[in-house]
Amino acid sequence: MNPVLVRSEIRPVAERALAGERLSESDALLLFASRDLHALGALANELRQRRVGNRATYIVNRYLNYSNYCILSCQFCAFARKKRDADGFELTIEQMVTKAREALALGATELHIVGGLHPNLPFDFYLGFLRALKALDARLQLKCFTAIEILHLAWLSKKSVTATLESLKEAGLDSLTGGGAEIFAPAIRQAIARGKESAEEYLDVHRTWHRLGGRSTCTMLYGHLETVEDRVDHLRRLRDLQSDTGGFTGFIPLPYQPDNNRIPVDHPPTGFDSLRTMAVSRAYLDNFDHLTAYWVGLGTKLAQVALSYGADDLHGTILEEHIFHMAGATSPQGRTESELIKAIREAGMVPVQRNTFYEPIRVWDEPSVAVAVSA
Ligand code: SF4
């Protein structure tokens, strides 16, 4: 056992996790309560190494928001606009195709497409852009829509969720995004995202998609009004669904961004909190292969460090991120592939370009001698 763990207060929990035992909610709470960040990292890193080895992945992708008009007004959201707002936008299918062509020219293998719940775009618009984008290159993977968008589209199309997902899949949808999970605890969910789908509805959409053979990611928005008990409750529900379907490809913890919204949070997530949340998630989510350090929210430097705290993925190049930046994220709008490769190498891991389903596209060489950390 790592000497850091031998001396740590988390040793009893760590021993059971390393022996392959499933951790309980009280185990996870004990880990969250510990201030022994080095031990949490040692545990998470060992579990990560056993599961995926010394590789860390990234994807060459592009974000594409078709519109920020939304009929809901989630209190934490800085992205949504009403039709009366001067800075609302919506793209035509032709404009989306143009952006997709640019992304393909840069080597993108995935488009990550979400938007608000638009008040009057018809269901055919969504089928239309899926078909148009897929027609550009059948290998381009379309990762689209949050669970609440799927419920909105089901309402628009007057079909069941199952039939809606089947229609979208037939038009070209490859994967659902994990967005919109926020935090499942009802009281907090009501306080930050009143009117949004319930936890059960979020999980039902993903369950239905998984049973159709689809895969998706999932998320947790942390560092706002929730308690660590709420975080553990959230993780438990995701772990339970994963045990049921096995359809989640990865988990992405999202640090709350405090600007331009109506949630009063004096202390958004610190570096310590983000690293312990990643580490506890790795230990508790024993049926997930991949955990993503989302550099948009963490910043590239902390995301790089998170690779030693249980994460094995840096998400993607992204190119044009709006949602976190409208909420105050100070990271760049995109990262180049070489920046992500360099960050992974410096962390002592082998960079691997992946596709939407975390399957390797290109395995880069073994880590070379570390060089200065980039800005
Ligand atoms: S979080 Fe999504 S559903 Fe809620 S207001 Fe923002 S865009 Fe609309």
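The values are calculated or read from the model by the stated rules, or taken from the named source; none is laboratory data. Worth saying up front: this structure is predicted, and the values here are computed from it rather than measured. Quick reminder, even Gly has a Cβ in these numbers, built from the backbone with ideal geometry, and neighbours come from all protein chains shown. Note: accessible area is taken over every heavy atom of the protein model, side chains too, but ligands, DNA and RNA are not part of it. Shrake-Rupley method; radii C 1.70, N 1.55, O 1.52, S 1.80 Å.
Each DSSP beta bridge with both residues in the chain is either parallel or antiparallel, and the antiparallel ones are about 10%.
Considered as an equivalent ellipsoid built on the Cα gyration tensor, the chain has semi-axes of 32, 24, 20 Å, the largest given first. Measuring from each cysteine beta-carbon in the chain, the ones with no other cysteine beta-carbon under 4.7 angstrom are CYS70, CYS144, CYS218.
Report the full-extension gain for the segment MET1 to ILE71: residue separation times 0.36 nm, less the Cα-Cα distance, to one decimal in nm. The partial results should precede the final answer.
Values: separation 70, 0.36 × 70 = 25.20 nm, distance 5.30 nm.
Working it through step by step, the gained length comes to 19.9 nm.
Net charge around ARG35, counting only other residues with Cβ within less than 15 Å of its Cβ (Lys, Arg = +1; Asp, Glu = -1)? Charge balance near ARG35 sits at 0. Average accessible surface for the range 35-75: 35 Å² per residue, computed with a 1.4 Å probe over protein heavy atoms with every protein chain in place. Direction-averaged projected area, Cα convex hull, the range 37-114: 9.0 nm², rounded to one decimal.
Can you check what the net charge comes to around PRO122, using other residues whose Cβ is under 15 Å from the Cβ of PRO122 (Lys, Arg +1; Asp, Glu -1)? Summing Lys and Arg as +1 and Asp and Glu as -1 gives 0.
Note on the chain: helix-only mean residue ellipticity at 222 nm, from DSSP H runs of 4+ residues weighted -39500 (n - 2.57) and normalised by residue number, equals -12500 deg cm²/dmol. For Cα pairs less than 8 Å apart in space and 6+ apart in sequence, what is the mean separation divided by the residue count of the chain, i.e. the relative contact order in percent? For the chain, the relative contact order is 21 percent.
Surface analysis of the range 161-311 yields an accessible area of 32 Å² per residue, using protein heavy atoms and a 1.4 Å probe.
Taking the Cβ-Cβ separation of LEU136 and GLU359 as r and a Förster radius of 25 Å, what is the calculated FRET efficiency to the nearest 0.05? Here the calculated transfer efficiency is 0.75.
Accessible surface ranking for LYS99, LYS83, 1.4 angstrom probe, highest first: LYS83, LYS99.
The heavy atoms of LYS82 present about 50 square angstrom of accessible area, all protein chains included, probe 1.4 Å.
Can you send over the carbon and sulfur percentage of the accessible area for the chain, probe radius 1.4 Å, protein chains only?
Values: 7790 of 14800 Å².
So the carbon and sulfur contribution to the accessible surface is 53 percent.
Net charge of the neighbourhood of ASN260, taken over other residues with C-beta under 14 Å away and scored Lys/Arg +1, Asp/Glu -1, is -1.
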